[in-house]
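Accompanying notes for the structure given below.
The values are calculated or read from the model by the stated rules, or taken from the named source; none is laboratory data. Predicted model, so just to flag it, every value in this text is computed and none were measured. When we count neighbours, we look across all protein chains shown, and the Cβ atoms used for this are built from the backbone with ideal geometry, even at glycine.
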Amino acid sequence: MWPTLIAVLGTLAGAALASLTAHWTDRSARAAEHRQRVLDATGQLLAAVLAYREVYWFQIANLRNGVPRTSEDVAALFRARTVTTNAFDRLALTAADSALLAVAAEAAWSAIELADIELSAVTGGQFSTTVEAALAAGRERSRDAHTALREAGVRYIHGAAPIHGDG
């Protein structure tokens with residue numbers, strides 16, 4: 001009787017261990033898959049923000065060089081804004097971490113809000129002192145926000161956990 005009982009208990013323990021191992025493996029695979037999706041979405045947002053800034057600063061350089069803004073320039077900036085918004089939305093739908101999303105929103109908006117700087121006439125290849133200061137501050141803010149998003153993404157991905165544990 002004891003050998004049969006031991007065999008049954010051993011079989012049950014083996015089945016429980018196999019089930020636990022399968023559950024842990026599945027959970028690990030889902031977590032790795034989620035981290036990859038967040039990595040992809042964060043990378044897409046970083047690229048979109050960078051592309052938006054590139055379009056914007058190219059237009060500013062043209063204006064400083066006396067090349068007027070065209071309807072194609074305006075359309076390019078609107079397209080870049082749409083790509084940035086779509087990339088942010090993708091990240092927001094993928095990551096539930098409010099701290100990561102706050103940093104992502106700052107990166108997106110700090111770039112998009114560059115276009116809100118009211119430009120003055122260009123004299124000698126420069127805008128007014130006030131506008132040049134606003135452009136410099138906007139450039140610095142958008143660079144810092146971009147770097148902060150990259151660093152937050154790295155912490156999220158490599159930390160294998162939400163930044164503040166709320167996602």
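Does Arg53 qualify as being touching a strand residue (DSSP E or B) at 6+ places or on another chain (Cβ under 9 Å), of a type outside the set (A, V, I, L, M, F, W, C), within 22 Å of Glu132 (Cβ to Cβ) and in contact (Cβ under 8 Å) with a residue 24 or more places away in the chain?
Working: touching a strand residue (DSSP E or B) at 6+ places or on another chain (Cβ under 9 Å): no; of a type outside the set (A, V, I, L, M, F, W, C): yes; within 22 Å of Glu132 (Cβ to Cβ): yes; in contact (Cβ under 8 Å) with a residue 24 or more places away in the chain: yes.
The answer is no for Arg53.
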Apart from one, (1) surrounded by fewer than 16 Cβ atoms within 10 Å (Cβ to Cβ); (2) under 16 Å from Arg53 (Cβ atoms); (3) in contact (Cβ under 8 Å) with a residue 60 or more places away in the chain all hold for Asp144; the odd one out is (3)
Scanning the range 95-144 residue by residue, the ones that are β-branched (Val, Ile, Thr) and either assigned to a loop (DSSP other than H, G, I, E, B) or touching a helix residue (DSSP H, G or I) at 6+ places or on another chain (Cβ under 9 Å) (or both) total 4
Within the range 66-99, restricting to residues that are of a type outside the set (Ser, Thr, Tyr), touching a residue at least 40 places away in the same chain (Cβ under 8 Å) and surrounded by 13 or more Cβ atoms within 10 Å (Cβ to Cβ), the one that is nearest to Ala148 (Cα to Cα) is Ala99
Condition set more than 25 Å from Val49 (Cβ to Cβ) and exposed (fewer than 13 other Cβ atoms within 10 Å of the Cβ), scope the range 127-137, selection nearest to the chain's Cα centre (by Cα): answer is Thr130
Within the range 61-88, the count of residues that are more than 14 Å from Ala51 (Cα to Cα), in a helix (DSSP H, G or I) and of a type in the set (Lys, Arg) comes to 1
Here the qualifying pairs (Cβ atoms under 9 Å; residues six or more apart or on different chains; first in the range 23-41 and under 21 Å from Leu93 (Cβ atoms); second modelled with pLDDT of 75 or more and not in a helix (DSSP H, G or I)) come out as His34/Ala95; Arg37/Ala95; Val38/Ala95; Val38/Asp97; Ala41/Ala95
Out of (1) under 28 Å from the mean Cα position of the chain (by Cα); (2) farther than 25 Å from Val103 by Cβ; (3) not aliphatic (A, V, I, L, M), the one Gly153 does not meet is (2)
